[in-house]
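Written out below as structure tokens is the structure these notes cover.
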Amino acid sequence: MYNISGYLGKNNEEIVDEKNRIAINSCGHYKMLGDETFKTWRPFGRLDYQLLYLADGTADFYIDGEKRILHAESLVFFYPGEKQHYVYSKGSCSDVYWVHFSGTGAAALLQQNDFYPEHIFEISAGKECTLLFDRIIRELQLKQPGFSTLLSLYMETLLLLFSRALVKDGSYQGKSLIVEQAALYYHSEYQNPVSVQEYADKQGISCCWFIRIFKQQTGLTPVQYLTRIRINKTIELLSTGSFNVQEAAAFVGYDDPLYFSRVFKKAVGVSPRQYIKQKNLKPAE
């Protein structure tokens, strides 16, 4: 397991700050590798607050006795005194950031950002939030002059960014616009190499979140949607009689005719040549 953490006091010490508005006790980043399993069981919870952000992979969380299988882009809050039970299972590839915090204004800050009293949120936070986690860990490790003030600012910023992302995620209109723009992009760029990751990065959104909302609204992943565009265009080209299979494949962005034939057969049910024969099309010379 990849593990990097920073602590205000001793490792995993529960510190409740009753003087400052917001204070971070500890912060870390876990990434499960291979067949590892990691389980947390705190029947009486902790004295402070805990925030966990599942950036990638899956994890099992038990909230109010109910098992929830969470996926990438999930945010979880545990409040003081609440039972904590969660598992990063074998092969889950869980990539998790976590932070423990307290302070006289912690509860009010959570209410202000519309988190309290809920526990689980699906959220598209982007890289900005994970970079903040990394900065918090580094400040806790180095403890340079003024680090406690900086940590307080980082924590408030982190909650604000998550809250902003939550508002955006809650807007169906915003999601629809993102999917519509992506669909237009695929229709115009289907002849060229297209990377879902690169497109998401250029839009400043999480790739996992983008794939999820795209499938929610179209029934297809971005790759499946792009493939459908290419196959439909191929059928159109073959029907004209002006393109042979290899030319049609190259036109829609496939350099390898054998790979294209496999993709076509998976989508249509027959190979391109069989399709031409079935439809009584005149093959191009």
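Scan the stretch 1-78 for trypsin sites (Lys or Arg not before Pro) in coil per DSSP, keeping those whose Cβ has at most 13 other Cβ atoms within 10 Å, and list them by number. Present the calculation step by step, with values, prior to reporting the outcome.
Details: sites: Lys10, Lys19, Arg21, Lys31, Lys39, Arg46, Lys67, Arg68; in loops: Lys10, Lys19, Arg21, Arg46.
Here the sparse-neighbourhood loop sites are Lys10, Lys19.
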Projected onto the charge dipole of the chain (unit charges on the beta-carbon of Lys, Arg, Asp and Glu, signs +1, +1, -1, -1), the Cα from Ala165, Val99, Pro222 with the largest positive-side position is that of Pro222
By the Kirkwood definition, with r running over pairs of different Cα atoms, the chain has a hydrodynamic radius in Å of 21.9 Å
Please arrange Leu150, Leu159 by counting, for each residue, the other beta carbons lying within 10 Å of its beta carbon, fewest first. Leu150, Leu159
Cα centroid of the stretch 20-65 to Cα centroid of the stretch 87-138, whole Å: 9 Å
If the convex hull is drawn through the Cα atoms of the stretch 177-285, its volume per residue in Å³: 101 Å³
Which whole-number percentage describes the relative contact order of the stretch 177-285, with Cα contacts under 8 Å and a sequence gap of 6 or more? 24 percent
In degrees between 0 and 90, to the nearest 10, how far off the longest principal axis of the chain does helix 147-169 point, with axes built from Cα atoms? 40 degrees
Scoring the chain by relative contact order with C-alpha pairs under 8 Å, at least six apart, yields a percentage of 16 percent
Can you work out the PRE-style zone for Trp41? Point 7 Å along Cα to Cβ, and I want the residues of the stretch 78-113 with backbone N under 13 Å. 84-87
For the stretch 110-264, convex hull volume per residue from C-alpha positions, Å³: 149 Å³
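In this model, which of Lys83/Lys175; Lys202/Lys266; Lys10/Lys39; Lys10/Lys143; Lys215/Lys266 are farther than 23 Å apart at the alpha-carbon?
Lys83/Lys175; Lys202/Lys266
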Per residue of the chain, what 222 nm ellipticity follows from adding -39500 (n - 2.57) for every DSSP H run with n ≥ 4, rounded to the nearest 500? -14500 deg cm²/dmol
Would you kindly state how much longer the chain becomes between Val223 and Tyr259 on full extension, computed as 0.36 nm times their sequence separation minus their alpha carbon distance, in nm to one decimal? 11.4 nm
What do you get for trypsin sites (Lys or Arg not before Pro) in the stretch 224-285 restricted to DSSP loop and a cutoff of at most 15 other Cβ within 10 Å of the site's Cβ? Lys279
Applying the gyration tensor rule to the Cα atoms of the stretch 2-169 (axes a ≥ b ≥ c; rounded if a/c under 1.5, else prolate if a/b exceeds b/c, else oblate), the class is rounded
Enter the angle in degrees (range 0 to 90, nearest 10) between the Cα long axis of helix 257-268 and the first principal axis of the Cα atoms of the chain, meaning the one along which they spread out most. 80 degrees
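The numbers here are math on the coordinates, done by the rules we state, and not lab data. No experiment lies behind these values; they were computed from the predicted model shown. Glycine gets a Cβ as well: all are built from the backbone with ideal geometry, and neighbour counts include every protein chain shown.
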